[in-house]
Structure formats: structure tokens, C-alpha cells
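Bear in mind that the values in this text are calculations on the coordinates, not laboratory data. All figures in this text were calculated on a predicted structure; none of them were measured in a lab. Cβ placement follows ideal geometry from the backbone for every residue including glycine, while neighbour counts extend to all protein chains displayed.
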Amino acid sequence: MPSSSFLRFAIPALPLAFAAVTSDAHACGGCVVPPDESTVVTGHRMIFSVGKTQTTLYDQIEYAGDPESFAWFLPIQGQVEIGLSSDALFAFLGDATQVVVRPPYLECLASDVVASAEGSDRSSDPGVYVPPEEEVNVIAEEVVGPYETVQLEATSPGALVEWLESHGYAVPADVEPVIAGYQKEGFGFLAMKLVPGEGVHSMRPVRITTQGAGLSLPLRMVAAGTGAVTPVTLYVLSEGRYEAAARPNVLVNQDDLVWSWDEGISNYRSLRDTLLDGTDGFGLLTEAAAPYSGESLRDRVTAIIENSPDTTGWGDPANGVSELDDATADLDALFTGLDDQSLWLTRMYARFSRPALAEDLALTASPSQEQVNRYLQAKTGVGTLPCQSETPGCSVPSNRPSAPDRTLLLGAAATALAAALRRRRHRRAS
């Protein structure tokens, strides 16, 4: 398989201060691998849907290597609902928030050239000690698609780790203090691993729904299996715009954009990464934020399933679950408790440093509630103008207003379909 791909699973979100609700919330889990495996987590893509009555979370983990024994540990409180999703969901939300940078307007060109910049898958050994029943409370065990899952809590230090290890979960020594820290704060854990015999090519995204509204990322757990810098793209679906609480929030200044006529790209990614590096890896950059239509997404998903069936990743024919019914259930979980008339989609990007992962991240409603436009236009350019040889005097007018918003990017449905088809062909070829 390729050296870089995506593991897809979901992470729980638990109640935090949101509107009139006040309690603790933690979301996002960590990947661990045995000491003899070289797989490394290289990034995360996450979706938070925060309704009035529940929070649903999805996570895609980008990795380098060939994982065979990945396990996921996620702090939870109480029992959570686990279900299967589709990575097509990320394709739709990504298309709706992808940053588009246009070159400076030229008098001699229609200036329709655009460039996009994205913010860029049991039994215990009888000789191993198993903690007494009164020390570990197994809340629920179930197989969800290709995953074995268990929700549990422990009443004594170390008992939870001992139970996990006795049931085939490898817990690295540097992760044990993190688990112990969450235990002291009253958290249990959701642990997931592949069903024996299931390969990464058959893995599907998992969604996890928790009762209550809240937003928090326990970055202490995310640190497991990561390197010096962990890129994270975060989509937030909620009634309003969100940003980081008690951390730097930054924006790319359109006036700093420079277009390279020779390369056909802008310096957007460089500006973005420089801004985040300037926060020592603690900040988040908002790339797009605007009202969003859940009904529109439902319509697009329905259309692509009707016109190009078996391309989205939804559906479970072996168990008699149709593609449309599976997608409908997934979107119902995504939008439960949200008012479509007040719905916003916010996209943020971070390059978290190791020190930044030592502290949990809380999100909060942005005080300004202003939209962040994903369409940007460079004011200056470098290199050879494309029309200079044909039109002497071709130049960038200094007083020309920005061109109206238009883009040659594919529509959301077409982009999602193309991505799904590419993944499907890749899986078959593999």
C-alpha cells in the first residue's frame, strides 16, 4: 500500500460550556501502535457537529507507514453511541470551504484563472493478570463494521491499562500517564481496534455521538503517535461561528497575497504556515466561516447516490442496509439538534507543536460572528505576465476593483464523486 493514507474513525465530544449548558467536554482520541511498528500519525481531519441535545464527532487520521495493530483510546463520560459513516462527508464539507485564490486582475485578460489552497481506516491470555470485576466496569462491548469496540471505566489507578493490555490493546509507556490523568478527572475510555483479519482497506469512518452540547479537544490524548508538528483541519457545524478559546486565532491578510505568474500559484500556504508557526504551534487559523444549509447537503448526497450509486462509501449490502438509508441515518446524526436556518460551517487549520498538545483545546463562539470569505484575490504578482508577449503594455491596474466572486472549481457533488471514485479505484487496485 502507499506510504501515506488515511485511517478513519470518530472521536467523542462531551458537554462543555455552550449556551446555557455548563459541564466538561472532551473529544478526539489518540492512536497507539506496538513498539516494533513504525507507523506515525501525520495529521487529523475532524468534524464537530454541536447541537442543543447532542454532539457528533468524526475524525480522519492521516498516517505514514503500514499499520497492522493500531488501537484508539478516547476519553468519554457515560455511554456513547457508535456508528459507521463515510469519508464522502469530508469531501462535501471540504469542497464547501476550500480556499480559492485568484491572480491579480489584468486589463488584457478575463482573469478567470484560479488556484485553490486547502487548509490543506478476543480473548485474553489466561496467563495475564486481569483486574477484578469491581475494579473495571465494562459499559458496553460491540463490533461496529471492521472494529471491535469497548467502553469502560476503572475505579483504581492502573486497572484500566491492565485490562486493555490483557485484552490485546498495546499501551505504550508514554501514554499511560495521559490515561491516568484523564482517569483522575473522572473519565472512562472508548477503545477501538481492528477485528482480526480485517485490513485497513476495508476500514470505514466511525461516528461517535454523545448526549449534550459542547466542544473540546483533549490534545493530551491526540499527542499519542504524532511527530513534532501535527496538522489538523477542523470543521465545526453549529449555530454560529466558532474559534479557539484562550489560544491565538489568526487570519490570512488578503493584502499579503502574492501571485506567481510563472508557477500559477499564490503564497497562501506559506503565509498560513508562517502565521501559525508564529504562535509557537498553539494557534488556529480560520480559513472559512459562513452560514451553511444542511438541507442542501442532504439534497446533494441524495442526488449523487441516485445518479452514481455505490460511489460514496455509505451502505452495507451484506446486512441489507441501502446506500441511501445509511447516508440518511448518518446525516440525521450530524444535524440532530441544529436549526438549519441558523447553521454555520467553520473551517479552521492548525499546526500543533508538541508543547501545544500538552494542553487541551476548548472552542468557543466567536465574539464577532463575522463571515470569513474563502475567496481571496492577490493584489500583486511576480514573474512574467501571461499576456505580455501578445499585448505590449499589459499591466495590473492599480485602481481596478476585485473581480466578482467566480471560480472554475467543480461543484460540491462533482468533487465528492470524483474523490470517492478515486478512492474506490485505489482500493480495488490495492
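Shape analysis of segment 210-285 based on the Cα gyration tensor places the equivalent ellipsoid semi-axes at 28, 17, 12 Å, largest first. If the chain linking Ser260 and Ser342 were pulled fully straight, counting 0.36 nm for each residue of separation and taking away their Cα-Cα distance, it would gain 25.6 nm. Here's how it looks for Lys52: its modeled amide H is under 5 Å from those of Leu338, which are all 5 or more places away or on a different chain. Between Glu142 and Lys184, the contour length at 0.36 nm per residue exceeds the Cα-Cα span by 12.5 nm. With each label modelled as a point 7 angstrom along the Cα→C-beta vector, the Gln211-Gln79 pair spans 1.0 nm. From most to least packed by mean Cβ count within 10 Å, the peptides 145-152, 379-386, 294-301 give 145-152, 294-301, 379-386. In whole percents, the pair-distance distribution calculated for segment 323-366 from its alpha-carbon pairs, binned every 5 Å from zero, is 5, 13, 16, 16, 15, 14, 13, 7, 2.
Taking the mean number of other Cβ atoms within 10 Å as a proxy for protection, how do you rank 180-191, 362-373 from highest to lowest?
Working: 180-191: 18.2, 362-373: 15.1.
Ranking, from highest mean packing down: 180-191, 362-373.
For Ser270, neighbours were defined as the other residues whose beta-carbon sits under 11 Å from its Cβ, and their charges (Lys and Arg +1, Asp and Glu -1) total -1. Rounded to the nearest whole Hz, the Karplus-based 3J(HN,Hα) values (6.51 cos²θ - 1.76 cosθ + 1.60, θ = phi - 60°) of segment 176-190 follow the sequence 4, x, 5, 4, 4, x, 5, 4, 5, 8, x, 8, x, 9, 9, with x at glycine and proline.
Averaging the sequence gap over all C-alpha pairs within less than 8 Å and six or more residues apart, then dividing by the number of residues, gives segment 217-280 a relative contact order of 22 percent.
Along segment 353-362 the Karplus relation, 6.51 cos²θ - 1.76 cosθ + 1.60 evaluated at θ = phi - 60°, assigns HN-Hα couplings of 7, 4, x, 5, 7, 7, 10, 5, 10, 10 Hz to successive residues, with x for each Gly and Pro. Distant-in-sequence amide contacts of Leu376, defined by a placed amide H-H separation under 5 Å and a gap of 5 or more residues or a different chain, comprise Val100, Val101, Arg102. Taking each residue as 0.36 nm, the span from Ser296 to Ala228 lengthens on full extension beyond its C-alpha to C-alpha distance by 20.6 nm. Scanning residues 5 or more positions from Tyr292 or on other chains, those with amide H under 5 Å from its amide H are Leu343, Trp344, Leu345, with H placed 1.01 Å from N in the peptide plane.
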